[in-house]
Amino acid sequence: MDGYKYLIAKVKASRGNQSRLGSFASIGCATYDFHGDDAVGYGPNYMVVADGVSGTQKASGVLARLLVAESLNALEKLRKRAVDEPIKLVDFRNQMTLAIQEARHMTQRKGRFDSALTAVYLDTSTHQLFVFNIGDCKCVLIRNGAVVFESDAIIYDFNVPAVVSTNNEIHYPSECVELQVVPYQTGDICMVFSDGVHDNLYVDQILRAIAQHPTHGTDIARATVRACRATFVSSHDYIPFAVAAAGFCATAMEEMKANENITPEDFHAFQEKCSALPKFSHRPIFGKEKRVKNLAFYSASNLLTFAGKKLGKKDDVSVCCGILA
């Protein structure tokens, strides 16, 4: 069975048998395909989402699907080991490293593929949530209607995530990943999603989707996807993607100021354009990130254009949501 078929079979099996939900009282996924480069799946104690980079020479969906399928395999092995001995953080990292190695091996002769990857494992013995993340997909934990944890996005520059890649020069090594650990409680809501969600929805919009279906993971995931798609045709505010772009305009200004190759005239011209940016609301966004390399990809004029974006950023949308038992 290839990776994609295994992923579908895994998800269907979990949905069909509540006794196999493990750490979850309810769990489900929802997706919207635009480029066709996302993949998502889950098992009794884990959730995985991958976002293939559409800008590569070949569509990267094949790598994203294999990353999810291999991660599901690896994390199921980890879950079975947990029956006999407590799971350590290093065990989680090792299993994810093996999953990435296998997915890269299966695609290395097929061209250049890049993908972000986020995997979550719930350790029921300690009630801890382990998060492994490369790139700009997200894991968030919601408790009593408030966000109590948001994973760090790992980026090189605005809208340029660190990636798992078949290109060794681009590939972000799993040993460089800073694993995140957070305690969870029964009744918490854990979500993993691709950047198609947090580029388009503010925190309050996702909390609203949760409030509509507080006990059903699939319905929360579907409501989140619907809210994302609604921004593609109508939006009354600048989307979070625009807010983030404006923030990077400020960063670009500081970098230009320190760059001896930038003339004072060019700097002041950009500074004036930044001062004319629209006034953004102070609605919270999912914007936690670590810039691990200064690798400028977009020009200053690109950032200014992005900062004026109101309609949604059309993209694949993948969401997995679980109510924790």
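The values are calculated or read from the model by the stated rules, or taken from the named source; none is laboratory data. Only a predicted model underlies this, so the values are computations on that prediction, with no experimental measurement involved. We place every Cβ from the backbone using ideal geometry, glycine too, and count neighbours over all the protein chains shown.
Taking the conditions (1) modelled with pLDDT of 95 or more; (2) under 20 Å from V197 (Cα atoms) in turn, Y172 satisfies each one other than (2). Taken over the range 99-151, the criterion of being under 25 Å from I220 (Cα atoms), charged (D, E, K, R) and surrounded by 16 or more Cβ atoms within 10 Å (Cβ to Cβ) is satisfied by D123, D136, K138, E150.
Please verify whether N94 is in contact (Cβ under 8 Å) with a residue 60 or more places away in the chain and either of a type outside the set (A, V, I, L, M, F, W, C) or under 22 Å from M106 (Cβ atoms) (or both), treating the condition exactly as stated.
no
Among residues of the range 211-263 being closer than 25 Å to M47 by Cα and charged (D, E, K, R), the one that is farthest from the chain's Cα centre (by Cα) is D219.
Among the residues of the range 26-68, those identified as β-branched (V, I, T), within 16 Å of the chain's Cα centre (by Cα) and assigned to a strand (DSSP E or B) are T31, V40, V48, V49.
Checked against the criterion of being closer than 23 Å to H127 by Cβ and either surrounded by fewer than 22 Cβ atoms within 10 Å (Cβ to Cβ) or β-branched (V, I, T) (or both), the candidates G187, G217 yield just one match: G187. Being out of contact with any helix residue (DSSP H, G or I) (no Cβ under 6 Å at 6 or more places or on another chain), assigned to a helix (DSSP H, G or I) and either free of Cβ contacts under 8 Å to residues at least 60 places away in the same chain or at positive phi (or both) is a property that holds for K77.
Filtered by the rule that a residue be more than 18 Å from D38 (Cβ to Cβ), β-branched (V, I, T) and touching a helix residue (DSSP H, G or I) at 6+ places or on another chain (Cβ under 8 Å), the range 88-134 gives a lone residue, T97. The residue list G52, G61 contains one member that is surrounded by 16 or more Cβ atoms within 10 Å (Cβ to Cβ) and at pLDDT 95 or above, which is G52. Among residues that are without any contact (Cβ under 8 Å) to a residue 12 or more places away in the chain and not in a strand (DSSP E or B), D84 is included. K290 fulfils the conditions (1) surrounded by 14 or more Cβ atoms within 10 Å (Cβ to Cβ); (2) under 24 Å from V140 (Cα atoms) except for a single criterion, (1).
Closer than 19 Å to V319 by Cβ, in contact with a Ser or Thr (Cβ under 8 Å, 6 or more places away or on another chain), touching a residue at least 24 places away in the same chain (Cβ under 8 Å) and hydrophobic (A, V, I, L, M, F, W, C): does that describe V68? No: the conditions fail for V68.
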